[in-house]
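The values are calculated or read from the model by the stated rules, or taken from the named source; none is laboratory data. Note that the structure is a prediction, hence the values are computed from the model and not measured. We place every Cβ from the backbone using ideal geometry, glycine too, and count neighbours over all the protein chains shown. For accessibility, only protein heavy atoms count, side chains too; no ligands or nucleic acids. Shrake-Rupley method; radii C 1.70, N 1.55, O 1.52, S 1.80 Å.
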Amino acid sequence: MADPTVTSGGSLNSGGRGGGSKAASSPAENYHLARRRTLQVVVSALLTESGFESAEKAAVETLTEMMQSYINEIGRCAKAYCEHTARSIPTLSDTVVTLIEMGFNVDTLPVYAKRSQRMVITAPPVTNPPVTPKALSAGQKRTHPAHIPSHFPEFPDPHTYIKTPTFREPVSDYQVVREKAATQRRDVERALTRFMAKTGETQSLFKDDITAFPLIAAQPSAIPYLSALLPSELELQSLEETDSSEQDDQTDSENTTGNLMTDDPGADKENSMLPPSGVVPSAKVSEDNMIDNPYLRPVKKPKVRRKK
(Lines give C-alpha, C1' and ligand atoms only; values in the text may rest on other atoms or scores of the structure.)
Protein backbone atom coordinates (compact mmCIF):
# COMPACT_ATOMS: atom_id res chain seq x y z
CA MET A 1 0.00 0.00 0.00
CA ALA A 2 1.37 3.39 -1.01
CA ASP A 3 1.94 6.16 1.52
CA PRO A 4 -0.47 9.10 1.60
CA THR A 5 0.04 11.38 -1.36
CA VAL A 6 1.30 14.91 -1.11
CA THR A 7 -0.82 17.60 -2.74
CA SER A 8 1.49 20.62 -2.74
CA GLY A 9 5.09 21.70 -2.49
CA GLY A 10 4.65 22.60 1.17
CA SER A 11 3.31 19.15 1.88
CA LEU A 12 6.31 17.69 0.11
CA ASN A 13 8.60 19.65 2.37
CA SER A 14 6.76 18.62 5.49
CA GLY A 15 6.69 15.00 4.39
CA GLY A 16 10.43 15.12 3.78
CA ARG A 17 11.08 16.58 7.23
CA GLY A 18 9.01 13.92 8.92
CA GLY A 19 11.01 11.08 7.40
CA GLY A 20 13.59 11.05 10.21
CA SER A 21 11.52 11.66 13.31
CA LYS A 22 13.51 9.19 15.39
CA ALA A 23 15.63 10.95 17.97
CA ALA A 24 19.34 10.26 17.98
CA SER A 25 21.56 10.08 20.96
CA SER A 26 25.07 10.89 19.70
CA PRO A 27 26.12 14.14 17.94
CA ALA A 28 27.19 12.19 14.83
CA GLU A 29 23.74 10.65 14.48
CA ASN A 30 22.08 14.03 15.04
CA TYR A 31 24.21 15.55 12.29
CA HIS A 32 23.40 12.67 9.89
CA LEU A 33 19.65 13.00 10.51
CA ALA A 34 19.72 16.79 10.05
CA ARG A 35 21.58 16.47 6.76
CA ARG A 36 19.16 13.77 5.57
CA ARG A 37 16.13 15.93 6.38
CA THR A 38 17.63 18.89 4.51
CA LEU A 39 18.18 16.76 1.40
CA GLN A 40 14.58 15.50 1.60
CA VAL A 41 13.34 19.09 1.66
CA VAL A 42 15.49 19.93 -1.40
CA VAL A 43 14.19 16.90 -3.30
CA SER A 44 10.60 17.84 -2.48
CA ALA A 45 11.20 21.41 -3.72
CA LEU A 46 12.71 20.14 -6.99
CA LEU A 47 9.72 17.84 -7.53
CA THR A 48 7.38 20.76 -7.00
CA GLU A 49 9.33 22.88 -9.50
CA SER A 50 9.13 20.04 -12.04
CA GLY A 51 5.30 20.05 -11.77
CA PHE A 52 4.65 17.08 -9.49
CA GLU A 53 1.75 17.45 -7.10
CA SER A 54 2.27 14.27 -5.10
CA ALA A 55 4.99 11.68 -4.46
CA GLU A 56 5.30 8.47 -2.56
CA LYS A 57 7.61 8.27 0.40
CA ALA A 58 9.68 5.49 -1.21
CA ALA A 59 10.27 7.63 -4.30
CA VAL A 60 11.36 10.61 -2.22
CA GLU A 61 13.75 8.41 -0.22
CA THR A 62 15.25 6.99 -3.44
CA LEU A 63 15.83 10.44 -4.97
CA THR A 64 17.31 11.64 -1.66
CA GLU A 65 19.73 8.72 -1.65
CA MET A 66 20.76 9.42 -5.24
CA MET A 67 21.40 13.11 -4.49
CA GLN A 68 23.39 12.25 -1.38
CA SER A 69 25.55 9.79 -3.32
CA TYR A 70 26.14 12.36 -6.08
CA ILE A 71 27.23 15.03 -3.60
CA ASN A 72 29.50 12.57 -1.79
CA GLU A 73 31.17 11.60 -5.05
CA ILE A 74 31.79 15.26 -5.91
CA GLY A 75 33.39 15.82 -2.54
CA ARG A 76 35.54 12.69 -2.78
CA CYS A 77 36.86 13.57 -6.24
CA ALA A 78 37.53 17.21 -5.26
CA LYS A 79 39.48 16.00 -2.23
CA ALA A 80 41.51 13.66 -4.46
CA TYR A 81 42.41 16.45 -6.90
CA CYS A 82 43.30 18.69 -3.98
CA GLU A 83 45.67 16.14 -2.41
CA HIS A 84 47.15 15.41 -5.86
CA THR A 85 48.41 19.01 -5.97
CA ALA A 86 49.83 18.84 -2.40
CA ARG A 87 47.03 20.85 -0.82
CA SER A 88 44.71 20.05 2.11
CA ILE A 89 41.70 22.29 1.39
CA PRO A 90 39.77 21.94 -1.93
CA THR A 91 39.22 25.06 -4.03
CA LEU A 92 36.70 26.06 -6.72
CA SER A 93 38.96 24.81 -9.48
CA ASP A 94 39.00 21.33 -7.93
CA THR A 95 35.19 21.27 -7.88
CA VAL A 96 34.96 22.45 -11.52
CA VAL A 97 37.41 19.77 -12.67
CA THR A 98 35.41 17.18 -10.74
CA LEU A 99 32.11 18.21 -12.42
CA ILE A 100 33.74 18.10 -15.84
CA GLU A 101 35.18 14.67 -15.08
CA MET A 102 31.70 13.43 -14.08
CA GLY A 103 30.24 14.68 -17.40
CA PHE A 104 28.41 17.73 -16.10
CA ASN A 105 28.15 20.87 -18.25
CA VAL A 106 29.51 23.63 -16.03
CA ASP A 107 28.29 26.44 -18.34
CA THR A 108 24.64 25.68 -17.49
CA LEU A 109 25.09 26.38 -13.76
CA PRO A 110 24.66 30.21 -13.93
CA VAL A 111 21.48 29.91 -16.02
CA TYR A 112 20.06 27.28 -13.66
CA ALA A 113 20.86 29.42 -10.61
CA LYS A 114 19.00 32.40 -12.08
CA ARG A 115 15.82 30.55 -13.05
CA SER A 116 12.51 32.25 -12.27
CA GLN A 117 10.71 29.23 -10.76
CA ARG A 118 13.32 28.69 -8.09
CA MET A 119 11.95 27.95 -4.62
CA VAL A 120 13.72 29.48 -1.65
CA ILE A 121 14.30 27.00 1.18
CA THR A 122 14.60 28.39 4.65
CA ALA A 123 17.77 27.54 6.51
CA PRO A 124 17.44 24.91 9.22
CA PRO A 125 17.37 26.24 12.77
CA VAL A 126 20.76 26.46 14.37
CA THR A 127 20.97 24.84 17.78
CA ASN A 128 23.39 26.46 20.16
CA PRO A 129 25.77 24.15 22.04
CA PRO A 130 24.85 23.52 25.65
CA VAL A 131 26.30 26.10 27.99
CA THR A 132 28.46 24.73 30.77
CA PRO A 133 27.22 25.89 34.16
CA LYS A 134 29.49 28.33 35.90
CA ALA A 135 29.58 26.15 38.99
CA LEU A 136 31.39 23.41 37.05
CA SER A 137 33.84 25.61 35.15
CA ALA A 138 37.18 26.32 36.78
CA GLY A 139 39.82 28.46 35.13
CA GLN A 140 40.26 28.99 31.40
CA LYS A 141 40.49 26.26 28.78
CA ARG A 142 43.72 25.76 26.91
CA THR A 143 43.71 26.46 23.18
CA HIS A 144 45.33 24.24 20.57
CA PRO A 145 48.97 24.95 19.79
CA ALA A 146 50.02 25.77 16.25
CA HIS A 147 50.96 22.18 15.40
CA ILE A 148 47.50 20.77 16.31
CA PRO A 149 44.65 21.25 13.77
CA SER A 150 41.58 23.13 14.95
CA HIS A 151 39.19 20.27 14.12
CA PHE A 152 40.72 18.13 16.85
CA PRO A 153 38.80 17.85 20.13
CA GLU A 154 39.35 20.53 22.69
CA PHE A 155 41.41 20.09 25.81
CA PRO A 156 39.50 19.03 28.92
CA ASP A 157 38.56 21.48 31.64
CA PRO A 158 41.38 22.82 33.82
CA HIS A 159 39.97 21.16 36.94
CA THR A 160 40.94 17.74 35.50
CA TYR A 161 44.61 18.62 36.00
CA ILE A 162 44.21 19.71 39.63
CA LYS A 163 45.63 17.30 42.22
CA THR A 164 43.55 16.86 45.34
CA PRO A 165 45.10 15.04 48.32
CA THR A 166 43.05 12.07 49.51
CA PHE A 167 44.17 12.24 53.15
CA ARG A 168 43.86 14.74 55.97
CA GLU A 169 46.54 15.92 58.31
CA PRO A 170 46.14 14.68 61.89
CA VAL A 171 44.68 17.20 64.30
CA SER A 172 47.26 18.21 66.90
CA ASP A 173 45.31 20.93 68.71
CA TYR A 174 45.14 20.19 72.44
CA GLN A 175 41.53 21.31 72.87
CA VAL A 176 40.30 19.31 69.87
CA VAL A 177 42.15 16.19 71.02
CA ARG A 178 40.72 16.43 74.53
CA GLU A 179 37.19 16.99 73.23
CA LYS A 180 37.52 14.02 70.87
CA ALA A 181 38.82 11.79 73.66
CA ALA A 182 35.98 12.86 75.98
CA THR A 183 33.41 12.23 73.25
CA GLN A 184 34.80 8.77 72.53
CA ARG A 185 34.84 7.90 76.22
CA ARG A 186 31.24 9.04 76.63
CA ASP A 187 30.16 7.05 73.58
CA VAL A 188 31.90 3.93 74.88
CA GLU A 189 30.25 4.27 78.28
CA ARG A 190 26.82 4.73 76.70
CA ALA A 191 27.30 1.76 74.39
CA LEU A 192 28.45 -0.46 77.28
CA THR A 193 25.55 0.65 79.45
CA ARG A 194 23.04 -0.08 76.70
CA PHE A 195 24.60 -3.47 76.05
CA MET A 196 24.43 -4.42 79.73
CA ALA A 197 20.86 -3.13 79.94
CA LYS A 198 19.81 -5.25 76.95
CA THR A 199 21.62 -8.42 77.93
CA GLY A 200 21.07 -8.34 81.70
CA GLU A 201 18.33 -7.61 84.15
CA THR A 202 17.02 -4.05 84.25
CA GLN A 203 14.82 -1.91 86.42
CA SER A 204 12.52 0.86 85.22
CA LEU A 205 11.70 4.18 86.82
CA PHE A 206 8.15 4.07 85.49
CA LYS A 207 5.76 1.21 86.11
CA ASP A 208 3.63 1.99 83.07
CA ASP A 209 6.42 1.88 80.49
CA ILE A 210 9.16 -0.63 81.27
CA THR A 211 11.25 0.19 78.20
CA ALA A 212 11.62 3.89 79.10
CA PHE A 213 14.84 4.80 80.93
CA PRO A 214 16.02 1.27 81.82
CA LEU A 215 18.44 0.96 84.72
CA ILE A 216 20.90 -1.84 85.35
CA ALA A 217 19.55 -3.94 88.19
CA ALA A 218 21.68 -3.98 91.31
CA GLN A 219 22.87 -7.42 92.36
CA PRO A 220 23.17 -7.62 96.18
CA SER A 221 26.19 -9.45 97.52
CA ALA A 222 26.14 -11.93 100.41
CA ILE A 223 29.26 -10.34 101.91
CA PRO A 224 29.07 -6.61 101.09
CA TYR A 225 32.28 -5.71 102.93
CA LEU A 226 34.37 -8.22 100.99
CA SER A 227 35.08 -5.78 98.14
CA ALA A 228 36.50 -3.28 100.64
CA LEU A 229 38.87 -5.83 102.14
CA LEU A 230 40.19 -7.30 98.89
CA PRO A 231 42.85 -5.25 97.11
CA SER A 232 42.08 -3.73 93.73
CA GLU A 233 43.85 -4.54 90.50
CA LEU A 234 46.10 -1.50 90.75
CA GLU A 235 47.14 -2.42 94.27
CA LEU A 236 47.89 -5.98 93.21
CA GLN A 237 50.00 -4.72 90.37
CA SER A 238 51.96 -2.42 92.70
CA LEU A 239 52.49 -5.33 95.11
CA GLU A 240 53.86 -7.49 92.32
CA GLU A 241 56.22 -4.71 91.29
CA THR A 242 57.33 -4.33 94.92
CA ASP A 243 58.01 -8.05 95.26
CA SER A 244 60.02 -8.11 92.05
CA SER A 245 62.06 -5.09 93.19
CA GLU A 246 62.73 -6.79 96.54
CA GLN A 247 63.96 -9.90 94.79
CA ASP A 248 66.24 -7.80 92.59
CA ASP A 249 67.65 -6.00 95.64
CA GLN A 250 68.22 -9.33 97.36
CA THR A 251 70.13 -10.74 94.40
CA ASP A 252 72.18 -7.56 94.14
CA SER A 253 73.07 -7.73 97.82
CA GLU A 254 74.13 -11.37 97.47
CA ASN A 255 76.36 -10.52 94.55
CA THR A 256 77.85 -7.56 96.42
CA THR A 257 78.57 -9.69 99.52
CA GLY A 258 80.25 -12.36 97.45
CA ASN A 259 82.44 -9.77 95.75
CA LEU A 260 83.47 -8.26 99.09
CA MET A 261 84.42 -11.67 100.47
CA THR A 262 86.62 -12.44 97.47
CA ASP A 263 88.12 -8.99 96.92
CA ASP A 264 88.71 -7.83 100.54
CA PRO A 265 90.01 -10.75 102.61
CA GLY A 266 90.97 -8.41 105.50
CA ALA A 267 87.38 -7.39 106.24
CA ASP A 268 86.87 -10.11 108.84
CA LYS A 269 85.38 -7.75 111.32
CA GLU A 270 82.57 -6.73 109.02
CA ASN A 271 81.95 -10.30 107.98
CA SER A 272 81.79 -11.41 111.57
CA MET A 273 78.73 -9.20 112.03
CA LEU A 274 76.88 -10.94 109.21
CA PRO A 275 74.89 -14.07 109.85
CA PRO A 276 76.51 -17.45 109.19
CA SER A 277 74.97 -17.70 105.74
CA GLY A 278 76.57 -14.41 104.73
CA VAL A 279 73.27 -12.99 103.41
CA VAL A 280 71.29 -10.17 104.95
CA PRO A 281 67.82 -11.35 105.92
CA SER A 282 65.01 -10.14 103.67
CA ALA A 283 63.06 -8.93 106.71
CA LYS A 284 65.63 -6.20 107.34
CA VAL A 285 65.74 -5.21 103.71
CA SER A 286 61.95 -4.87 103.45
CA GLU A 287 61.47 -2.96 106.69
CA ASP A 288 61.24 0.32 104.82
CA ASN A 289 58.69 -1.10 102.36
CA MET A 290 56.49 -2.67 105.04
CA ILE A 291 52.73 -1.97 104.52
CA ASP A 292 50.76 -0.97 107.61
CA ASN A 293 47.47 -2.36 106.34
CA PRO A 294 47.41 -6.08 107.18
CA TYR A 295 44.98 -6.81 104.34
CA LEU A 296 47.37 -5.40 101.75
CA ARG A 297 50.53 -7.15 102.93
CA PRO A 298 51.97 -9.87 100.68
CA VAL A 299 51.11 -13.40 101.55
CA LYS A 300 53.73 -15.30 103.55
CA LYS A 301 53.98 -19.02 103.28
CA PRO A 302 54.01 -20.79 106.66
CA LYS A 303 57.17 -22.62 107.58
CA VAL A 304 56.79 -26.36 107.57
CA ARG A 305 58.84 -28.12 110.21
CA ARG A 306 59.99 -31.57 109.41
CA LYS A 307 59.70 -34.20 112.08
CA LYS A 308 62.92 -35.81 113.09
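Once fully extended, how much extra length lies between Leu33 and Arg186, figured as 0.36 nm per residue of separation less the alpha-carbon to alpha-carbon distance?
Roughly 48.4 nm would be gained on extension.
Using a/c under 1.5 as the rounded threshold, could you call region 27-114 rounded, prolate or oblate? The axes a ≥ b ≥ c are square roots of the C-alpha gyration tensor eigenvalues, and prolate needs a/b larger than b/c, oblate otherwise.
On the way: a/c = 2.71, a/b = 1.47, b/c = 1.85.
Taking the square roots of the gyration eigenvalues as a ≥ b ≥ c, region 27-114 is oblate.
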Pair Thr202, Thr122: separation of 7 Å Cα→Cβ label points (nm): 7.5
Qualifying GluC sites (Glu not before Pro) for region 162-214 [loop in DSSP, other Cβ within 10 Å: at most 16]: Glu201
Amide hydrogen neighbours beyond the local backbone of Thr202, cut-off 5 Å, H modeled: Ala217
Integer Hz, Karplus 6.51/-1.76/1.60 couplings in order for region 108-122, x for Gly and Pro: 7, 5, x, 5, 5, 6, 9, 5, 7, 8, 5, 9, 8, 9, 5
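With a Förster radius of 45 Å, plug the Cβ-Cβ distance of Ser227 and Glu169 into 1/(1 + (r/R0)^6) and report the FRET value to the nearest 0.05.
Details: r = 47 Å, r/R0 = 1.04.
Efficiency, from the Cβ-Cβ distance: 0.45.
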Contour excess over end-to-end distance, with Cα ends at Val176 and Met67 and 0.36 nm allotted per residue: 31.5 nm
Inter-probe distance in nm under a simple model that places probes 7 Å from Cα toward Cβ, at Thr211 and Ala86: 9.1
Probe 1.4 Å - accessible area at Phe195, Å² to nearest ten: 130
For region 82-191: accessible area per residue (Å², 1.4 Å): 96
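What does the C-alpha gyration tensor say about the overall shape of region 176-242? Classify as rounded when a/c is under 1.5, otherwise prolate if a/b is larger than b/c, or oblate.
Values: a/c = 3.74, a/b = 1.26, b/c = 2.96.
Cα axes put region 176-242 in the oblate bin.
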Shape call, region 119-188: gyration tensor on alpha carbons, a/c limit 1.5: prolate
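Within region 81-166, which chymotrypsin sites (Phe, Trp or Tyr not before Pro) sit in a loop by DSSP and count at most 10 neighbouring Cβ atoms inside 10 Å? Display every interim value, and only then the final one.
On the way: sites: Tyr81, Phe104, Tyr112, Tyr161; in loops: Phe104.
When the chymotrypsin sites (Phe, Trp or Tyr not before Pro) of region 81-166 are filtered for loop state and at most 10 Cβ neighbours within 10 Å, nothing remains.
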